[in-house]
Each structure stands twice: as C-alpha cells, then as structure tokens.
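**Student:** Right, I'll just put the structure down here and ask away after.
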Amino acid sequence: MEVLQNILLECLRCSYDNVNEKCSIPEECDCDKLVSLAKQHDIDLVLEHSVKFPKYIRRSLNLQRESNSNNYMIMLKELAPVFENFDKHGIKYALCKGINTAICAYKHIGDRRFYDIDILVDAIDLESATKILNKFAFVQGRYDRKNNKVVDVERHTSLFFLAYTHQVARFVKVLPQTRMKYMLVDVNHHVLWGEAKEKYESFNIKEFLTNTEEIEYNGVKFKVLKKEFALMHMSLHLYNDMNSLTMLCDRKSYFLRGFLDLYLFIKNNKIAWSLLEKESKRLQIKSYIYYALYYTALVMDDDSILSNISETDDFASIYRDFFGLTDTERKTWKHSLWERIFCEDKEAMMQDYFDEADTKKVNYNYYFLDLEVNDERTGI
C-alpha cells in the first residue's frame, strides 16, 4: 500500500474515534493529493470534521457540504407530495440507503454526497407508485442536458430492468427553478439483486416493509426502515457492490464510503443485534450480512462490530476470499483487499478473472445501464 493510501485510511479511522481533537496530517503529506484521493472515495467531507486541513481546504469542503444539504432539502420537498399520496393510497414504502444513511449516520447530512433517491416498494404496488410519481412530474427516462428535458425510457430498457434487476427504469424530474436542473429517483421492488430471483418468493417485501417508522426532516415526513432492517438493506447493497461482475468494473466497487456508511450507521444508532441475527437467518441473508460486516471491520480496523453477530458456517469456504453473485460466477480473489480498494482501473483488473461469458454479461448490462446513468455523476 502506498504512503498516501495508508494516511487516508488512518484519517478515515479517526473520523469516528477522534471526536474531541482533530488528528494531524504528517508534514511530508501533500494535503491537496490527500483530499483528492479522499474525494475519489467520497469521504473528503467526513474527514474535514476530524482532520486538520488547511483553511482553504476547509472552506471549500464546507461550501460543498452546504450545497449537498440544500440539494437534499430540494429533493425531499419535491417528493413530499409523493409520500403523502403513497400513504393516502395505502402503498407501503421506505426511503432507504443514501438519504436515510446521511440523516441517521453522519454528523451533518451534507457530509454524504448523493446521486439519487432510493425508494423501496412491493412489486404489487409498482403500477400505483408509478402513476403517483408521474402525477408529480417524475418520468422514467434519462435527462437530456442540451434540451433540459427528460427523454422517455425505451421499451427494451424497461424490460431489461424488470427482467434482470431488482428495480425499474429510473425516474427523472426536471427542476428548472433550481441549480440542480434535475433529480433522480430509483424505485426498488426488492432488496436482493436480479441474480437472486429464485429467493424473491421466499423473501416477502410487503412483510419486510411492515418494519418501518416515520421520521421528519426539515418539515418533510417520510417512512424509513427501522434500524435493524435498514442495516440489513445497507449490508446487502454493499455485498452486491463487492460481488456484482458489472459493479466490480466500476469505480464505486470497493468504495471507502460504502464501508464508512455501514460503520457510522452501526456506531451512531442503537441496533438490536439479536433481532437482526434472528431475522437475517429467517430470510436466509445472514451470510451476506456477515460478509459486509467482516470487510467493514477490516477497513475500519475495528473487530468490535463482529462481536455483535456470529460467523456463518459457509463464510470461509464460500464467501470470504471469493466474489460473484452466483455459484457459476464465483471466483477466488488474487488481489488483496487494499489493491481492490485503491486500484485506479478496476475494469482492467477484472480482466484477470473474467471469461468470455462474464465479459458478455458485463457488456450487456452496461449497454442498458449507460442509457440510465448518462451524466449521473455530473448532473447534480
């Protein structure tokens, strides 16, 4: 591991423990390079609370934090009537992942950058939820920056998402009166991925969505998963990012922010671990949960979080040093954890593992996903 990477990890680990006194950066460290590396992993704003950065860096990060916070408020305001109509029509839902994590885990909501809003609904309510979103100008498609409009989703793209993923084609709303220009909403109908569809029937999402609670942020009320179920969902999301062949080619795979999300959520919330273990066993997802916690403990250098949950019998033989969402895809890692995290070209790294079928699958997925994520990281 390079010196700069090691310093970044040390700074990351003090982002929770060193709450009273900011840690110093070694004199020989280039602060601009450190912040640049931290930004690649979306953790620069968090580090500012616990690391002694120069004033010009603090000023820049504070401006970004406030911008993020303002954008969250805009998005929640736009979704407020959607939530009200979901409740009115008896649609069970949960606002999950990104924004819930930002509110419940981070010191400041603006510490966590965002790219979209995620909503979980039961598949049986997709049609009704879509009608309500359409009513408030959320349209499935992609944002056309040049013409400042939404280009409707093509039928084959909609079918791809329904057939091969756990979500529908994303919704976009143009916001002409704001600096954001537009916002994105992902509607998920399951917490497992498309490769696990054989488990969909035994995993009742409608029942899962009974484990919600209402919270209020800046005057907007909405439902989120209760802490234990939110932690399960976050863990599943991290597991998917670390095992999906498509995601492993993307810079977001082995993203330090993913581990930090999970770690801060655990540290800043009271989790009923016995309930989490019981429910994860019943839902047959405990191996995935333990996997996410195991790697989070390694990254954060804190084994204490593993004391809350017992190791699964199949962890060492099937999960620990392997990747892949299906048995036929599963392969053994040749790169270390740190090589995976700090690799600058993850697509090239994965060519050491992929066979012809793997490459074909990834290219097929990117064909459709590129239509969806066009300008995603630069649009907001």
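**Student:** From the residues in the stretch 335-380 that are open to solvent by 40 Å² or more (accessible area, probe 1.4 Å) and of a type in the set (Ser, Thr, Tyr), which one is modelled with the lowest pLDDT?
**Tutor:** Filtering the stretch 335-380 for residues that are open to solvent by 40 Å² or more (accessible area, probe 1.4 Å) and of a type in the set (Ser, Thr, Tyr), the one modelled with the lowest pLDDT comes out as Thr378.
**Student:** With the structure loaded, tell me whether Met349 is among the hydrophobic types (A, V, I, L, M, F, W, C) and closer than 24 Å to Ile266 by Cβ or whether it fails that test. So that I can check it myself, show each step before the final result.
**Tutor:** Working: among the hydrophobic types (A, V, I, L, M, F, W, C): yes; closer than 24 Å to Ile266 by Cβ: no.
Spelling it out, it is not the case that Met349 is among the hydrophobic types (A, V, I, L, M, F, W, C) and closer than 24 Å to Ile266 by Cβ.
Residue-by-condition table, conditions (1) open to solvent by less than 60 Å² (accessible area, probe 1.4 Å); (2) at pLDDT 90 or above:
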position: Glu66; (1), (2): no, yes
position: Ile109; (1), (2): yes, yes
position: Phe114; (1), (2): yes, no
position: Ile117; (1), (2): yes, yes
position: Ile124; (1), (2): no, yes
position: Ala137; (1), (2): yes, yes
position: Arg155; (1), (2): no, no
position: Thr165; (1), (2): yes, no
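**Student:** Then there's this: Determine the pairs where a residue that is more than 20 Å from Phe368 (Cβ to Cβ) and β-branched (Val, Ile, Thr), located within the stretch 125-152, has a partner that is open to solvent by 60 Å² or more (accessible area, probe 1.4 Å) and not in a strand (DSSP E or B) with Cβ atoms under 8 Å apart, the partner being 6 or more residues away or on another chain.
**Tutor:** Note: pairs meeting the criteria are Ile132/His89.
**Student:** Right, something else. If you take the residues of the stretch 320-334 that are of a type in the set (S, T, N, Q) and in a loop (DSSP other than H, G, I, E, B), which of them is most open to solvent (accessible area, probe 1.4 Å)?
**Tutor:** Within the stretch 320-334, the first condition is being of a type in the set (S, T, N, Q), and the residues that meet it are 326, 328, 332.
From the residues that got through so far, the ones that are in a loop (DSSP other than H, G, I, E, B) too are 326, 328.
Numbers: Thr326: 33, Thr328: 132 Å².
This residue is Thr328.
**Student:** Which residue out of Ile74, Ile7, Ile43 is in contact (Cβ under 8 Å) with a residue 60 or more places away in the chain, open to solvent by 10 Å² or more (accessible area, probe 1.4 Å), touching a Leu at 6+ places or on another chain (Cβ under 9 Å) and among the aliphatic types (A, V, I, L, M)?
**Tutor:** Exactly one of Ile74, Ile7, Ile43 is in contact (Cβ under 8 Å) with a residue 60 or more places away in the chain, open to solvent by 10 Å² or more (accessible area, probe 1.4 Å), touching a Leu at 6+ places or on another chain (Cβ under 9 Å) and among the aliphatic types (A, V, I, L, M), namely Ile74.
**Student:** Same structure, new question: Go through (1) surrounded by 14 or more Cβ atoms within 10 Å (Cβ to Cβ); (2) modelled with pLDDT of 95 or more; (3) over 25 Å from Phe136 (Cβ atoms) one by one and return the number of the condition Phe203 breaks.
**Tutor:** The one condition Phe203 does not meet is (2).
**Student:** Quick check on the stretch 220-243: of everything there that is outside any helix (DSSP H, G or I) and open to solvent by less than 10 Å² (accessible area, probe 1.4 Å), which residue is nearest to Met75 (Cα to Cα)? Even if it seems obvious, please write down each step before you answer.
**Tutor:** Just the residues of the stretch 220-243 that are outside any helix (DSSP H, G or I), to begin with: 220-226.
Remaining after also requiring open to solvent by less than 10 Å² (accessible area, probe 1.4 Å): 222, 224-225.
On the way: Phe222: 12, Val224: 16, Leu225: 19 Å.
Among residues in the stretch 220-243 that are outside any helix (DSSP H, G or I) and open to solvent by less than 10 Å² (accessible area, probe 1.4 Å), the one nearest to Met75 (Cα to Cα) is Phe222.
**Student:** Enumerate the pairs (first residue in the stretch 90-112 and among the hydroxyl-bearing types (Ser, Thr, Tyr); second residue anywhere and part of a strand (DSSP E or B) and open to solvent by less than 10 Å² (accessible area, probe 1.4 Å)) with beta-carbon separation below 6 Å, excluding pairs fewer than 6 apart on the same chain, so at least 6 apart or on different chains.
**Tutor:** Here the result reads Tyr93/Ile119; Tyr93/Val121, each pair linking the stretch 90-112 to a residue that is part of a strand (DSSP E or B) and open to solvent by less than 10 Å² (accessible area, probe 1.4 Å).
**Student:** Looking at the stretch 1-51 only, could you name the residues that are more than 22 Å from Ala102 (Cα to Cα), touching a helix residue (DSSP H, G or I) at 6+ places or on another chain (Cβ under 9 Å) and either hydroxyl-bearing (Ser, Thr, Tyr) or assigned to a loop (DSSP other than H, G, I, E, B) (or both)?
**Tutor:** Result: Met1, Glu2, Ile25, Pro26, Glu28, Cys29, Asp30.
**Student:** OK, next. When the stretch 28-59 is examined, which residues are found to be of a type in the set (Ser, Thr, Tyr) and under 18 Å from Lys107 (Cβ atoms)?
**Tutor:** Within the stretch 28-59, just Ser50 meets the criteria.
**Student:** Could you list, ordered by first residue, the pairs with Cβ atoms under 9 Å in which the first is in the stretch 198-219 and closer than 25 Å to Met73 by Cβ and the second is open to solvent by 60 Å² or more (accessible area, probe 1.4 Å) and in a helix (DSSP H, G or I), at least 6 apart or interchain?
**Tutor:** Cβ pairs passing all conditions: Asn218/Lys77; Gly219/Lys77.
**Student:** Could you check the stretch 334-359 and list, in sequence order, the residues that are closer than 18 Å to Asp321 by Cβ and among the hydroxyl-bearing types (Ser, Thr, Tyr)?
**Tutor:** Answer for the stretch 334-359, where residues must be closer than 18 Å to Asp321 by Cβ and among the hydroxyl-bearing types (Ser, Thr, Tyr): Ser336, Tyr353.
**Student:** How many residues does the stretch 252-295 hold that are within 19 Å of Gly98 (Cβ to Cβ), touching a Lys or Arg at 6+ places or on another chain (Cβ under 6 Å) and not polar (S, T, N, Q)?
**Tutor:** 1
**Student:** Out of curiosity, is Val224 touching a residue at least 40 places away in the same chain (Cβ under 8 Å) and either more than 21 Å from Asp122 (Cβ to Cβ) or hydroxyl-bearing (Ser, Thr, Tyr) (or both)?
**Tutor:** On the way: touching a residue at least 40 places away in the same chain (Cβ under 8 Å): yes; either more than 21 Å from Asp122 (Cβ to Cβ) or hydroxyl-bearing (Ser, Thr, Tyr) (or both): no.
Judged against the criteria, Val224 is not a match.
The values are calculated or read from the model by the stated rules, or taken from the named source; none is laboratory data. Fair warning: this is a prediction, and the values are worked out from it, not measured in the lab. No Cβ is skipped: glycine too gets one built from the backbone with ideal geometry, and neighbour counts run over all protein chains shown. Protein only, heavy atoms only, side chains kept; ligands, DNA and RNA dropped before computing areas. Shrake-Rupley method; radii C 1.70, N 1.55, O 1.52, S 1.80 Å.
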